[in-house]
Structures are given as structure tokens and as C-alpha cells.
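A short write-up of the structure that comes next.
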Ligand code: OKP
Ligand code: ZN
């Protein structure tokens with residue numbers, strides 16, 4: 001299958017993040033994309049093409065206009081305030097505080113438009129996030145045009161980004177933007193299957209009240225793992241979306257046996273939904289050696305995942321999300337894709 005990737009995505013190059021309550025080296029780094037790109041070239045998965053530029057309209061179908069304006073104007077506001085380097089929010093409008101009026105001060109804005117302090121925002125973030133979203137859109141367009149599957153080598157990732165705020169290394173929700181674009185291009189029903197180790201809180205929230213986009217997520221139980229405040233099994237959708245959100249929170253230490261049981265249940269629900277197109281939020285951090293995660297999938301298990309996904313028999317847009325064992329990320333990611341193609 002074809003891969004979509006732009007070097008502009010590498011320009012977001014964070015040095016630090018706040019993680020586990022401490023300032024630590026950043027893990028969502030450009031080498032993640034580079035190792036996947038090298039593995040694609042090494043294995044001959046298929047061509048690597050640059051994204052088309054889709055402009056702001058498909059982003060605005062999923063994200064609030066004021067949020068996009070904030071991201072776009074962030075660096076100017078940050079430097080006008082005399083700041084430099086990467087920015088971290090430190091105050092949020094949680095319970096009993098107001099989300100409007102929106103503050104004028106940059107520190108208020110950072111809190112208003114984020115939900116964690118672990119996501120560095122820098123000079124190039126907006127451009128890299130846009131290129132990443134364009135990669136997802138280009139892959140969606142290829143699949144809408146008749147390709148069986150395409151791979152958007154997205155980074156920064158997207159699934160934690162809500163319509164109006166960033167977090168979890170995510171700024172623009174690439175998978176949601178692709179799913180919405182597919183709907184607008186004529187798909188009546190789209191399923192988004194999120195196999196990242198972390199719950200896809202942003203994607204869930206974006207489609208929570210809709211029955212035209214089915215969201216399913218396999219992830220570490222939020223009682224024990226980030227993002228902590230969404231991802232429980234009783235979140236089943238609301239209004240017209242009731243029954244169209246399916247969470248599979250799994251215990252820390254889950255291996256292929258437990259994980260694939262949940263995958264089968266997700267496959268059954270997807271097959272009953274009968275979507276026109278599948279979007280896979282392809283996180284590779286369920287890997288046994290992932291430095292920030294606690295599941296136990298092996299590199300061979302990612303081959304099995306690719307085979308299972310191929311068995312769904314659906315036009316499929318793969319959108320990369322997390323995965324932080326950089327040395328193994330290329331192998332694990334391309335294992336899914338090449339097994340999907342029946343070439344592993
Ligand atoms: C993004 B994606 C580690 C702290 C983790 C945020 C994780 C974001 C994951 N103890 N901080 O879903 O891979
Ligand atoms: Zn993750």
C-alpha cells in the first residue's frame with residue numbers, strides 16, 4: 001500500500017515534556033517517523049508520497065474555529081509575551097471554573113485550549129500538525145478513490161485532540177478529520193477503530209452524539225492509565241450516538257490472548273455496523289517493550305493484527321498514532337501494514 005508523509009511533520013521537535021509529574025525528555029520525537037519511513041523503504045511496502053494540501057476547511061469540520069485560530073497564532077502571542085522555546089500550560093478551567101470568556105493572556109489561552117501539561121507546543125507545531133492532518137486526508141482520498149488501503153504516517157499523532165483542545169502529544173485529530181472527510185466525500189457510514197494503548201478520548205468526544213461514525217477503542221483501563229478521565233466501558237454514546245461508541249478498557253499486562261479477544265468483539269460490532277470505510281488509529285504502543293506503556297504485544301502479534309484487519313474486508317485508512325519504542329517502531333508498524341497486504 002501507499003504511504004503518505006511530509007518532511008514538514010519533522011519540524012515539530014520537542015525537547016521536553018511534563019510526564020509523571022516531572023520534566024523529562026520528550027518521547028514523541030521526529031525519529032519515530034524516520035524509523036517507520038526507513039522500514040517502509042527497506043521492506044518495499046509501497047511508494048511514499050507527499051500529502052496534498054487540503055487547507056483549513058476539512059480541519060474546521062472537526063475542530064472549533066477559535067481553537068484553530070489559537071494554534072495558528074500561538075507562536076506570535078508566545079513570543080510577543082517575551083517567551084521562547086516550547087510552551088506548557090499550567091492552569092485549566094476544570095470543574096467550577098469558567099471556559100468563557102476566553103482569556104487574553106497567553107497562559108490563560110494555553111490552559112483554555114489544552115487538557116494536560118505533557119504536550120509541548122512550539123514554533124513549528126502548527127505547520128507539522130497541519131502536514132500530519134494533510135497526510136491523513138490524502139490517505140483518505142486515495143481510499144475514497146478506490147485503493148484498498150493507504151497509510152498516513154502521521155506524527156504528531158491525533159487521537160487525544162478534542163474539537164477544542166489539545167493534549168497527549170496531539171493537536172489536530174488526524175483520524176477524526178479523515179473520517180469526517182470520508183463522510184463528506186460520500187461514505188454513509190465510517191468506523192474508527194483505535195488500537196493505540198491509550199484511549200482515543202478526542203475521537204470519541206468528536207463523534208459521541210453521532211450514529212454515522214462508529215468509534216471503538218482497545219486501551220489500558222483509564223483507572224490505571226492516561227488519559228484517566230475518559231475511556232470507560234459505560235461510555236456508549238449519547239442521543240443519536242447511543243450505541244455507536246464502544247470502549248474495551250483492558251488491564252495492565254494484557255497480552256495477545258486478552259487483546260485479541262477484545263479485537264474479535266470489536267470486529268463483530270464493526271461487521272454489524274457495515275461501514276463503507278474503516279479508519280484505523282494505528283498506535284503501536286501496545287508493544288511489550290514500549291517505554292511508557294504496559295501491554296505485552298510482540299512484534300509477531302502486530303503481524304496477526306494486520307491479518308485480522310485485512311479479514312474485515314473493508315477499504316481501510318491507516319493513521320499512525322503512538323508507539324515510543326523507537327528501535328522497534330518501524331518493524332511493528334510495517335508488520336501490521338505488510339500483513340494487511342498479505343505480504344508478510
Ligand atoms: C499519546 B498516544 C507516561 C505519561 C504519559 C501522555 C501519554 C500520551 C500518549 N507515564 N503521558 O496515545 O500514544
Ligand atoms: Zn498511545
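The values are calculated or read from the model by the stated rules, or taken from the named source; none is laboratory data. No experiment lies behind these values; they were computed from the predicted model shown. Cβ coordinates were reconstructed from backbone atoms using ideal geometry, including for glycine residues, and neighbour counts include every protein chain displayed.
A few points about this structure:
- A single entry from 18, 40 fulfils the requirement of being surrounded by 14 or more Cβ atoms within 10 Å (Cβ to Cβ), touching a residue at least 40 places away in the same chain (Cβ under 8 Å) and in contact with a helix residue (DSSP H, G or I) (Cβ under 8 Å, 6 or more places away or on another chain): 40.
- Check on residue 287, more than 25 Å from residue 224 (Cβ to Cβ), touching a helix residue (DSSP H, G or I) at 6+ places or on another chain (Cβ under 7 Å) and within 16 Å of ligand 2 (Cβ to nearest atom): no
- Of all residues in the stretch 216-240 being away from ligand 1 (no atom under 15 Å from the Cβ) and crowded, with 19+ Cβ neighbours inside 10 Å, the one that is nearest to residue 305 (Cα to Cα): 216
- Against the test of being under 20 Å from residue 155 (Cβ atoms), touching a strand residue (DSSP E or B) at 6+ places or on another chain (Cβ under 8 Å) and not in a strand (DSSP E or B), the options 252, 337, 314 yield a single qualifying residue, 337.
- The conditions of being over 15 Å from the mean Cα position of the chain (by Cα), assigned to a helix (DSSP H, G or I) and more than 24 Å from residue 231 (Cα to Cα) are not met by residue 137.
- Looking across 129, 205, one residue alone is touching a residue at least 60 places away in the same chain (Cβ under 8 Å) and either out of contact with any helix residue (DSSP H, G or I) (no Cβ under 6 Å at 6 or more places or on another chain) or crowded, with 24+ Cβ neighbours inside 10 Å (or both). It is 129.
- Matching residues in the stretch 173-202 - criterion: being more than 16 Å from ligand 2 (Cβ to nearest atom) and either assigned to a helix (DSSP H, G or I) or buried (at least 24 other Cβ atoms within 10 Å of the Cβ) (or both): 177, 178, 179, 180, 181, 182, 183, 184, 190, 191
- Between 145, 122, the distinction of being surrounded by fewer than 16 Cβ atoms within 10 Å (Cβ to Cβ) and at pLDDT 95 or above belongs to 145 only.
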